[in-house]
Amino acid sequence: MPYQSPISPGYSWYEATAGERPEYPVLDGDRVCDVVVIGGGFTGLSAAAHLAKAGVNVVLIEQARFGDGASGRNGGQMGTGQRAWPEDQEEEIGRERAQALFSIAEDAKRHMHDFAETHGIDIGYRPGQLSVVHKKRYLKDYRKHAEVMAERYGYPHISFMDRAETAQRVGSSFFHGGVRDTGTGHINPLKLVIGTARVAAENGAQIFENTKATRIHKVGDRVVVATEKGVINADRALVAVNAYGDAKLEPVSAAHVMPIRSFIGATEPLTGAMKDKLIPGGESIDDSRFVVRYFRKYGDDRLLFGGREAYTADNPRDIARHIRKQIAEIYPELSDVEISHAWGGSVGITMPREPFAREVMPGVTSLGGFSGHGVMLSHFTGRLYAEAVTGDNARLQHLRDLKVPAFPGGRSFRKPMLTLALTWYAMLDRL
């Protein structure tokens, strides 16, 4: 029987096709190290791999299996830049800082390709992304965005698509237009998780699965992390749990990074005319909704379709029903398509949709809240943390300088308020 994660419902297509997925031991006994990392997703594993390669004694613990959170179950789309467009960030933080954040995102793209190539990781990269418009009044903004990216940010890879071109590239007349980005692409995220864990272990990082942190506190100038079967004593710690934070363990991150549910369904392989019609260029696609939908034709010509409107879904059957309904809006021919795999997970978001990077207690840094751009940014941010530990804090400081407020409502009311807000925005998306 397929392994079922204690934190995410549904057996994903990634799990079914990623190949060998090594198991790592449970921590049993005490450890002393330079850095302890809590969280075995992209950020934590990347930090552990780069720290270990630099000769740092690092211990990493993950409460489930590596990749059971968002890192191994997401839409696989890399994107470009931060979650917000650079021209929008300019209004808040100025041109210079917006340019620095865009440059970091471009560095993140190069890092992913270099890391995969250097370490022989087949991440299943496919080029291209389409960002499509579901409301006609957004077209002007998308056209302007392509111009700004070329003229002000030196990024010539984005081109505007009119309705006819969009229909041809998507294989549906549902959208009014959009932009095509040839400077990015999409991957199999679980393969990157598996490969990064291997690199960390091969370079001497001590990594443990099914090991939950139960307490993190300071004893003198040391950071002490307790688990059910052992205690880790370290010079410093990285909290890289993102959407799976626990306010009892570390309340600052939990107040600033909110989990929202995201759901994906994989169809049976497409055949015949539909196989040729849908997304003939092989790009990944995201739409202009606030509650974004994202999809791509991938692997053995399956449609992988994700969205965040299925708030009541709590098992794969419910997820499949909601996802099939969303697919049929864009591709009516697939209204009865068979969903072979359906799964869900939590995505970490922040109020301004900017990454959260902060020292939450002396010697303890938290990283997360990538708000839908984690495939590209989170793995690289793990590297930036390793750079900071080994003496170069410059690039990570750009993220630390972002003013990310806590969600309103306190511990008891944040989640209901967020659900209400997302429901409201989902309604506006449909108007």
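What is the one condition in (1) surrounded by fewer than 24 Cβ atoms within 10 Å (Cβ to Cβ); (2) more than 25 Å from the chain's Cα centre (by Cα) that Ile232 does not satisfy?
(1)
I'd like the residue in the range 85-131 that is among the aromatic types (Phe, Trp, Tyr) and part of a loop (DSSP other than H, G, I, E, B) and, out of all such residues, is surrounded by the most Cβ atoms within 10 Å (Cβ to Cβ). Can you show your working first?
So the first thing to find is which residues in the range 85-131 are among the aromatic types (Phe, Trp, Tyr), and the list is 85, 102, 115, 125.
This time we only want the ones that are part of a loop (DSSP other than H, G, I, E, B), so: 85, 125.
Details: Trp85: 19, Tyr125: 16.
Of everything passing the filter in the range 85-131, Trp85 is surrounded by the most Cβ atoms within 10 Å (Cβ to Cβ).
Right, Ala197: in the same structural domain as Phe407 (by TED's automatic domain parsing), of a type outside the set (D, E, K, R) and touching a Phe, Trp or Tyr at 6+ places or on another chain (Cβ under 9 Å) or not?
On the way: in the same structural domain as Phe407 (by TED's automatic domain parsing): yes; of a type outside the set (D, E, K, R): yes; touching a Phe, Trp or Tyr at 6+ places or on another chain (Cβ under 9 Å): yes.
Here the answer is yes, as Ala197 does meet what is asked.
Using beta carbons and a limit of 6 Å, which pairs, at least six apart or on different chains, have the first residue in the range 12-34 and closer than 22 Å to Arg73 by Cα and the second one assigned to a helix (DSSP H, G or I) and not hydroxyl-bearing (Ser, Thr, Tyr)?
Pairs that qualify, where the first residue is closer than 22 Å to Arg73 by Cα and the partner is assigned to a helix (DSSP H, G or I) and not hydroxyl-bearing (Ser, Thr, Tyr), are Tyr14/Leu190; Ala18/Leu190; Ala18/Lys191; Arg21/Ile194.
Quickly run through the range 137-176 and pick out the residues that are within 30 Å of Ile104 (Cβ to Cβ) and among the acidic types (Asp, Glu).
Passing the criteria: Asp141, Glu147, Glu151.
Take the range 32-62 and flag every residue that is surrounded by fewer than 24 Cβ atoms within 10 Å (Cβ to Cβ) and in a loop (DSSP other than H, G, I, E, B).
Listed by number, the residues that qualify are Ala54, Gly55, Val56, Asn57.
In the range 276-301, which residues are surrounded by 19 or more Cβ atoms within 10 Å (Cβ to Cβ), touching a helix residue (DSSP H, G or I) at 6+ places or on another chain (Cβ under 8 Å) and small (Gly, Ala, Ser)?
If the condition is that a residue be surrounded by 19 or more Cβ atoms within 10 Å (Cβ to Cβ), touching a helix residue (DSSP H, G or I) at 6+ places or on another chain (Cβ under 8 Å) and small (Gly, Ala, Ser), then Ser288 is the only one that fits.
Can you give me the number of residues within the range 200-227 that are under 25 Å from Val252 (Cβ atoms) and surrounded by fewer than 19 Cβ atoms within 10 Å (Cβ to Cβ)?
Qualifying residue count for the region: 11.
Within the set of pairs 6+ apart or on separate chains, which have a first residue in the range 232-245 that is within 17 Å of Tyr385 (Cβ to Cβ) and assigned by TED's automatic domain parsing to the domain that holds Thr211, a second that is modelled with pLDDT under 95 and assigned to a strand (DSSP E or B), and C-beta atoms under 7 Å apart?
Asn242/Gly348
If a residue has to be under 26 Å from the mean Cα position of the chain (by Cα), buried (at least 18 other Cβ atoms within 10 Å of the Cβ) and either free of Cβ contacts under 8 Å to residues at least 60 places away in the same chain or not in a strand (DSSP E or B) (or both) to count, how many in the range 153-165 make the cut?
We begin by selecting, within the range 153-165, every residue under 26 Å from the mean Cα position of the chain (by Cα); these are 153-160.
From what is left, the residues that are buried (at least 18 other Cβ atoms within 10 Å of the Cβ) are 153, 155, 158.
Of the ones still in play, those that are also either free of Cβ contacts under 8 Å to residues at least 60 places away in the same chain or not in a strand (DSSP E or B) (or both) are 153, 155.
So the count comes out to 2.
Pairs needed: first member in the range 193-220, assigned to a strand (DSSP E or B); second member anywhere, among the aromatic types (Phe, Trp, Tyr); C-beta distance under 8 Å; at least 6 residues apart or different chains.
Ile207/Tyr24; Ile207/Phe66; Phe208/Tyr24
Do you know which residues across the range 132-152 are among the small types (Gly, Ala, Ser) and crowded, with 20+ Cβ neighbours inside 10 Å?
Ala146
For Val148, are the conditions met, namely being closer than 16 Å to Pro280 by Cα, touching a residue at least 40 places away in the same chain (Cβ under 8 Å) and β-branched (Val, Ile, Thr)? Before you say what the answer is, go through the steps one by one.
Working: closer than 16 Å to Pro280 by Cα: no; touching a residue at least 40 places away in the same chain (Cβ under 8 Å): yes; β-branched (Val, Ile, Thr): yes.
For Val148, the condition - closer than 16 Å to Pro280 by Cα, touching a residue at least 40 places away in the same chain (Cβ under 8 Å) and β-branched (Val, Ile, Thr) - is not met.
Does the range 47-66 contain at least one residue that is farther than 16 Å from Ala201 by Cβ, more than 17 Å from the chain's Cα centre (by Cα) and of a type in the set (S, T, N, Q)? Lay out the reasoning, then the answer.
First, pick out the residues of the range 47-66 that are farther than 16 Å from Ala201 by Cβ: 63-64.
Filter once more, keeping what is more than 17 Å from the chain's Cα centre (by Cα): 63-64.
Then drop every residue that is not of a type in the set (S, T, N, Q), which leaves 63.
Scanning the range 47-66 turns up at least one residue that is farther than 16 Å from Ala201 by Cβ, more than 17 Å from the chain's Cα centre (by Cα) and of a type in the set (S, T, N, Q).
May I ask you to verify whether Arg31 is more than 22 Å from the chain's Cα centre (by Cα) and not assigned by TED's automatic domain parsing to the domain that holds Ser284?
Numbers: more than 22 Å from the chain's Cα centre (by Cα): yes; not assigned by TED's automatic domain parsing to the domain that holds Ser284: yes.
So Arg31 passes the test.
For the range 225-297, please list each of the strands (runs of 3 or more DSSP E) lying entirely inside it that holds at least 1 residues being over 24 Å from Tyr14 (Cα atoms). Spell out how you get there, then give the answer.
Values: elements: 231-239, 258-267, 284-287.
Ranges flagged: 231-239, 258-267.
Considering the range 1-31 alone, what residues qualify as being modelled with pLDDT of 95 or more, among the hydrophobic types (A, V, I, L, M, F, W, C) and outside any helix (DSSP H, G or I)?
If the condition is that a residue be modelled with pLDDT of 95 or more, among the hydrophobic types (A, V, I, L, M, F, W, C) and outside any helix (DSSP H, G or I), then Val26, Leu27 are the ones that fit.
The values are calculated or read from the model by the stated rules, or taken from the named source; none is laboratory data. Values in this document were obtained by computation on a predicted structure and should not be read as measured data. Here Cβ is always computed from backbone atoms with ideal geometry, including for glycine, and neighbour counts include all displayed protein chains.
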